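Here the structure is laid out as structure tokens; the discussion comes afterwards.
The values are calculated or read from the model by the stated rules, or taken from the named source; none is laboratory data. Because the structure is predicted, anything quoted here is derived from the model rather than measured. Quick reminder, even Gly has a Cβ in these numbers, built from the backbone with ideal geometry, and neighbours come from all protein chains shown. Surface accessibility is based on the protein's heavy atoms, side chains included, excluding ligands, DNA and RNA. Shrake-Rupley method; radii C 1.70, N 1.55, O 1.52, S 1.80 Å.
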Amino acid sequence: MIEHLPSLINLTFIGICILTIGLFYFSNGRPKKITILIITWSVFQSIVAYTGFYQTTDSIPPRFGLVLLPATLLMIYGLLPKQQLWFIENRNTKTSTFLHSVRFPIEIVLFALYMHKMIPELMTFEGRNYDILIGITSPIVGLLYLNQKVSRQALIGWNIVGLALVLFILFNGILSSELPFQQFGFEQPNRAINYFPFVLLPATIVPIVIWTHLSDIIKLRKESHEEVN
């Protein structure tokens, strides 16, 4: 935990992470085993970050690969044909659309981290991060879809935009971190993700957000195709 930060920032972020996992649970038919796996993974990463393991940034290979590589592999596994059958059957697209509302408070936390010199400005809504737009529109789009005021095609388009925005800021966040391939933010690098609880952003929250977008797009496209035929 970053000791000089106000405890409210840390507690708010922990609450956002819990909310994200909760929305994942309810939008996917309450899968106990997968949710336990996500919680176990989050606790593991929290403990590793708390020990200061990720604060050593000059090692080769980079220690932060222990976050990025497993999270990427889990997302890929979650999109394999067998898993597609599972989420197509169990996904509640209405609830999963609301999941993205967590991105609004995340942006507020990121701005607070920037003010405390823990991330570069480019990772905030004052810089290159437009992800707050998805956080703001998520409850609106969710309510419209809930009341059948938004078509599947429109929701697919919204998910594609949301996916593009989260991937854009993810790559900017990685490339502004203190890693061997850092490209941005040299004057004020992305240090926050090396600490608990903010390691949970790339370890847990962002993978859930990306996977939810991708799986919703797959499910909605399948439903649209079946409707046409």
Loop-exposed GluC sites (Glu not before Pro) per DSSP, neighbour cap 15 Cβ within 10 angstrom, longest uninterrupted part of the chain | 4-125
For Ile39 and Asp58, calculate 0.36 nm times their separation in residues minus their Cα-Cα distance, and state this gained length in nm to one decimal.
-> 4.0 nm
Net charge dipole size for the range 116-229 [Lys, Arg +1 and Asp, Glu -1 on Cβ; Debye, nearest 20] | 160
Fraction of accessible area attributable to carbon and sulfur, the range 121-214 (%, probe 1.4 Å) | 67
Compactness ratio of the chain: Cα Rg over 2.2 N^0.38 Å, N = residue count?
-> 1.02
Sparsely packed chymotrypsin sites (Phe, Trp or Tyr not before Pro) within the range 120-229, loop by DSSP, other Cβ within 10 Å at most 10 | Phe181, Phe186
Send over a whole-number figure in Å² for the accessible area per residue of the chain, probe 1.4 Å.
-> 50
Listed pairs Lys94/Lys117; Lys33/Lys222; Lys33/Lys149; Lys117/Lys149; Lys33/Lys219; Lys33/Lys94 exceeding 32 Å between Cα atoms | Lys94/Lys117; Lys33/Lys149; Lys117/Lys149
Cα centre as origin, Lys/Arg/Asp/Glu Cβ charges: the chain dipole, Debye = 700
Length gained when the stretch Glu187-Arg30 is fully extended (0.36 nm per residue, less Cα-Cα span) | 52.1 nm
Using R₀ = 41 Å, calculate the FRET efficiency as 1/(1 + (r/R₀)^6) where r is the Cβ-Cβ separation of His225 and Leu175; round to 0.05.
-> 0.65
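When every alpha-carbon pair in the range 61-137 is counted, what percent end up more than 15 Å apart? Could the numbers behind the result be given before it?
On the way: 2063 of 2926 pairs.
So the portion of pairs separated by more than 15 Å is 71 percent.
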Mind checking the range 111-173 for trypsin sites (Lys or Arg not before Pro) that DSSP puts in a loop (not H, G, I, E or B) and that have at most 12 other Cβ atoms within 10 Å?
-> Lys149
Of the accessible area of the range 29-91, computed with a 1.4 Å probe and all protein chains kept, carbon and sulfur make up a percent value of 70
Would you give the gap between the C-alpha center of the range 138-160 and the C-alpha center of the range 76-136, rounded to a whole Å?
-> 16
C-alpha long axis of helix 103-115 to longest principal axis of the chain, angle in ° | 10
